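Written below as structure tokens is the structure these notes are about.
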Amino acid sequence: MPSHESASQNFMAVILHSLPSESALTKIEYEGPRIALYSKNPGYLIQNAQVVSNMVNTIKKRIVVRTDESIRKSEEESIEILNKTIPKEVGLIETFFDQALGEILIFVEKPSLLAHITEDFDSVDLVEKTGWKVRVRKAPQEMSIIRNINKILYNTTNKRIHFYKEVGEKIFRAKLDEVTEASLITLGGFGEIGRSSMLLSTHESKILLDCGINIASKDPLTSLPRFDITGVGVDEIDAIVLSHAHLDHTGFLPSMFKYGYRGPVYCSEPTLPLMNLLQREYIKNIGGTTTLYSDRDIDDVIMHTITLSFGTVTDISPDVKLMLSNSGHILGSASIHLHIGNGDHNVVYTGDMKFGKMSYLENASWNFPRVESIIIESTYGGKEDVFPQHGEADTHLIDSINRTVSENGKVLIPVSSIGLSQELIFLINMYMRAGKIIETKVLVEKIISNTTSICEAYPEYLSKEIKHIILRGDESPFRSKQFVTVESNILEKEEPAIILAPSSMLLGGPSVEYLGQISEDTKNKLILVSFQAAGTPGKIIQDGSRQVIINDRCIKINCQVEKIEGFNTHSDYNQLIAYINRLRPKLRRVLVNHGERNKIQNLASSINKIFKIQTQHPLAQEAIKLL
């Protein structure tokens, strides 16, 4: 008998023995990293959650209750029932059916009014009326990205059912070897910023952590992850786990599918729509024969992605469990906690992290039950990298904007599409409403507006205060009449404005187009708030150059240029040290990555001296034995 069948029968036997006849179980299926119980009486299992909880504690696997296909009403009947059952004031906007999971995802204006919905969005009443499980999400202002993802999921139902079973069979097979060893190969993002990627290998598994590109580099040897050094084919990788959506962590992912990867991708719920938006924008802007992948490859990513909520422990291979925790960097950004073997070793990869609360996100999580090895970022790992207090930065920004706007000048703030853009939108809106910033038009590039809509669709990933405002359906703190969505706009010559546009380092995109329009007038201003990597146009201007060449275009800088420190989605030096200090029990090893060479060397040296922990700062293309 194959080993995975033997392991499977053990699970099934425990489940069948534990379930009373009232559960009306019809079948048990693998659903990726979960075991799905199909029932003709799902309401019984939902109401008697302790029965399922006891099984989870016994078999130590994730279990999910599904409705048997035979009891599901048609989509037309189900929509009619939802319209009759859900109160008008809740504001039902849109409905998506997931045939593979037997779920209806509904988007509403005021989710908080659905008081009878539990934390898992299981409404026994709606399950019994429709035969489907119903999940509720806040309806964002712009639905197109989410609508497109759900269309792809709907059109690949049968493929996904097969895919989930295949993934489950690989995860829940018996181990081939009881010896536990683990090693890490650095493929990119070590001793540098960009193309973050590393391969974790055990006797049982090969797991890829992040899969990014370095947009600033034109050389494939420095712009793409170095898979060529691993001797591992893409079909040998068991899983890909993503920390967050930015392209320096996800930009190569569709290429993996282009070259034959067909395994699962794990990430937080908001990361899927955010990375989808960025990946499509990337190939649209690059164009021509230089594109790494096509829309079809991005569609494959969607079909193979399994999203996870923070704090949920999930098997992703026979010897590795995964838990994602908030890293505080952008919406849905996660620190990746990997539990290897039977408690043999715990690794945390922080990804990009902010150990300091921002206005719209909570602080990075730190209270892991166990961590032996940590891989920590060091974008601001130099001892000189200490940010001013949040209030100081706010005051500086308010004064700078007001001085320019009062003289009918325009303020350009280049930002990334996700992260700092939402922080600044929130702050500018708050201070303008309070009368602290002169009321003026704020031009927000369309891609930033679209990512802000995704923030509104996932309020549970925002700060507690903003979460409650959005769930109540009150006016969004990211919206006001002063905010205008634009797409590479031609600016009105005499009209003052604040402009938020990507890219943050002026490598290309709308921010460069706007810079060309404002740069020659001395009453206008360029405010740099983001990290500017060495050699980028943003860094060249920040260092005092009054002329810059971007994509073969020479731009003269006559406008004012101001650098404002303190607005950042990364941790500064003090926050990184404080984070290591907070972790308990004491670490055995620290690996420092994601930083310029001098930054990672400084942070590694400081951690070693202060905490007396073995600390390394490997470069790309190195192998490290963890266990």
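The values are calculated or read from the model by the stated rules, or taken from the named source; none is laboratory data. Treat the numbers as computed from the prediction; the structure is a model and nothing was measured. Here the Cβ is made from the backbone with ideal geometry for all residues, glycine too, and neighbour counts use every protein chain on show.
Figure legend. Inter-residue proximity from region 173-193: first residues within 20 Å of residue 604 (Cβ to Cβ), second residues of a type in the set (Phe, Trp, Tyr) and surrounded by fewer than 23 Cβ atoms within 10 Å (Cβ to Cβ), beta-carbon distance below 7 Å, spacing 6+ or different chains. Indicated pairs: 187/227.
Listed here are the residues, each with its yes/no results for (1) closer than 30 Å to residue 599 by Cβ; (2) at pLDDT 95 or above; (3) of a type in the set (A, V, I, L, M).
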| position | (1), (2), (3) |
| --- | --- |
| 298 | no, yes, yes |
| 327 | yes, yes, no |
| 331 | yes, yes, yes |
| 334 | yes, yes, yes |
| 343 | no, no, no |
| 371 | yes, yes, yes |
| 378 | yes, yes, no |
| 393 | yes, no, yes |
| 404 | no, yes, no |
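For region 364-404, the set of residues classified as of a type in the set (Val, Ile, Thr), touching a strand residue (DSSP E or B) at 6+ places or on another chain (Cβ under 7 Å) and more than 26 Å from residue 559 (Cα to Cα) consists of 371, 374, 375, 376, listed by residue number. When you check residue 200 against the structure, is it assigned by TED's automatic domain parsing to the domain that holds residue 255, touching a Lys or Arg at 6+ places or on another chain (Cβ under 6 Å) and among the hydrophobic types (A, V, I, L, M, F, W, C), yes or no? For residue 200, the condition - assigned by TED's automatic domain parsing to the domain that holds residue 255, touching a Lys or Arg at 6+ places or on another chain (Cβ under 6 Å) and among the hydrophobic types (A, V, I, L, M, F, W, C) - is not met. Selection of region 196-217 for residues being charged (D, E, K, R) and over 16 Å from the mean Cα position of the chain (by Cα) yields 204, 206.
Scoring residue 253 on the criteria (1) among the aliphatic types (A, V, I, L, M); (2) closer than 30 Å to residue 177 by Cβ; (3) in contact (Cβ under 8 Å) with a residue 60 or more places away in the chain leaves a single failure, condition (3). When you scan region 521-541, do you find a residue that is at pLDDT 95 or above and of a type in the set (Ser, Thr, Tyr), even just one? Yes, because at least one residue in region 521-541 is at pLDDT 95 or above and of a type in the set (Ser, Thr, Tyr). Please count how many residues of region 56-90 are within 12 Å of residue 132 (Cβ to Cβ) and in a helix (DSSP H, G or I). Counting residues in region 56-90 that are within 12 Å of residue 132 (Cβ to Cβ) and in a helix (DSSP H, G or I) gives 8. When 340, 374 are checked against the criterion of being outside the structural domain of residue 61 (by TED's automatic domain parsing) and touching an Asp or Glu at 6+ places or on another chain (Cβ under 7 Å), a single residue qualifies: 340. Considering (1) crowded, with 21+ Cβ neighbours inside 10 Å; (2) closer than 16 Å to residue 423 by Cβ, the lone condition that residue 463 does not fulfil carries the number (1). Is it true that residue 411 is in contact with a Lys or Arg (Cβ under 8 Å, 6 or more places away or on another chain) and within 15 Å of residue 525 (Cβ to Cβ)? Against the criterion (in contact with a Lys or Arg (Cβ under 8 Å, 6 or more places away or on another chain) and within 15 Å of residue 525 (Cβ to Cβ)), residue 411 qualifies. Within region 349-370, being under 26 Å from residue 178 (Cα atoms) and crowded, with 23+ Cβ neighbours inside 10 Å holds for one residue alone: 349.
Which residues, taken from region 576-599, are under 21 Å from residue 249 (Cβ atoms), more than 24 Å from the chain's Cα centre (by Cα) and buried (at least 17 other Cβ atoms within 10 Å of the Cβ)? 599 - this is the single residue of region 576-599 that is under 21 Å from residue 249 (Cβ atoms), more than 24 Å from the chain's Cα centre (by Cα) and buried (at least 17 other Cβ atoms within 10 Å of the Cβ).
You will find that of 69, 89, the residue that is surrounded by fewer than 18 Cβ atoms within 10 Å (Cβ to Cβ) and at pLDDT 95 or above is 69 and no other. If you check residue 306 against the conditions, is it aliphatic (A, V, I, L, M) and in a strand (DSSP E or B)? Yes.
Residue count for region 607-617, restricted to those that are buried (at least 20 other Cβ atoms within 10 Å of the Cβ) and either aromatic (Phe, Trp, Tyr) or part of a helix (DSSP H, G or I) (or both): 1. Criterion applied to 541, 549 was being part of a strand (DSSP E or B), closer than 14 Å to residue 515 by Cα and free of Cβ contacts under 8 Å to residues at least 40 places away in the same chain, and the one residue passing it is 549.
Rundown of residues vs (1) more than 24 Å from residue 309 (Cα to Cα); (2) at pLDDT below 90, yes/no style:
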site	(1), (2)
2	yes, yes
25	yes, no
30	no, no
42	no, no
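Quick one: residue 557 ticks every box in (1) crowded, with 20+ Cβ neighbours inside 10 Å; (2) at pLDDT 95 or above except a single one, so which number is it? Evaluating residue 557 over (1) crowded, with 20+ Cβ neighbours inside 10 Å; (2) at pLDDT 95 or above leaves (1) as the failure.
Right, residue 532: assigned by TED's automatic domain parsing to the domain that holds residue 500 and among the polar types (S, T, N, Q) or not? When the stated conditions are applied, residue 532 passes them. Applying the selection to region 568-581, what residues are touching a strand residue (DSSP E or B) at 6+ places or on another chain (Cβ under 9 Å) and either over 15 Å from residue 382 (Cα atoms) or in the same structural domain as residue 326 (by TED's automatic domain parsing) (or both)? Passing the criteria: 579, 580.
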